[in-house]
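Step one of this worksheet: look at the structure below.
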Amino acid sequence: MRSFRDNRSGVGAGSFVLLILVFTSACSEQHENWSQADKENIRHFFTSAEANRAATAYSNDPSIPFVEDEYLKLQKLALKEAKMVNDAVMAKAHPELPERYRNLYQASLEQTILAFENRDNAASVKGSALHDQWVDWYNANRRKIRIPK
């Protein structure tokens, strides 16, 4: 079985960082209907993305030895944080965000973790495909997603 380093999704850390930068720039507009609790909850969205980005950067860095447990720790943190984002809060940012986030982004994390824990190449491929679909949906909708700072 090939390792994660040999079976990457093609979405590099630089691309993911750019995605996060574009997303946060769309977040600068304030919305009156966001409570302080909503703003605090949506931070889990960003914490998840950062943990996922860190896992990707870690797995793509050939200068350090790859340790599966370290990679899984970051991906599990990303999943834990993703699960903490409230659907009603995400819906304030964009009406389709909760469904897309859960069924594409969160599902991609679940499949990626499953792939490593069970040495399941099919789950790895599925996780990569779901992540690619998430990035495609996000890129097509990023100007419509509004999250206050």
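No value in this document is a laboratory result; all are computed from the given coordinates. Just so you know, these numbers come straight off a predicted model, no measurement behind them. Every residue, glycine as well, gets a Cβ built from its backbone with ideal geometry; the counts of neighbours run over all protein chains shown.
Percent of Cα-Cα pairs per 5 Å bin, from 0 to the last occupied bin, for region 45-149, please list those.
Taking every Cα pair in region 45-149, the percentages come to 2, 13, 21, 25, 19, 11, 6, 3, 0.
Which order, highest average first, do 94-102, 107-115 follow once you tally other Cβ atoms within 10 Å for each residue and take the mean per peptide?
Ranking the peptides 94-102, 107-115 by packing returns 107-115, 94-102.
Can you quote the Å³ per residue value for the convex hull of the Cα atoms in region 68-116, rounded to an integer? Please list the in-between numbers first.
On the way: hull volume 2.7 nm³, N = 49.
Taking the convex hull of the Cα positions in region 68-116, it is 54 Å³ per residue.
Going by C-beta contacts inside 10 Å, put LYS73, LYS144 in order with the fewest on the left.
LYS144, LYS73
What distance in nm lies between label points placed 7 Å from Cα along the C-beta direction at ASP120 and GLN36?
Distance between label points: 4.3 nm.
Between ALA129 and VAL67, with labels modelled 7 Å along Cα→Cβ, what's the label distance in nm to one decimal, could you check?
3.4 nm
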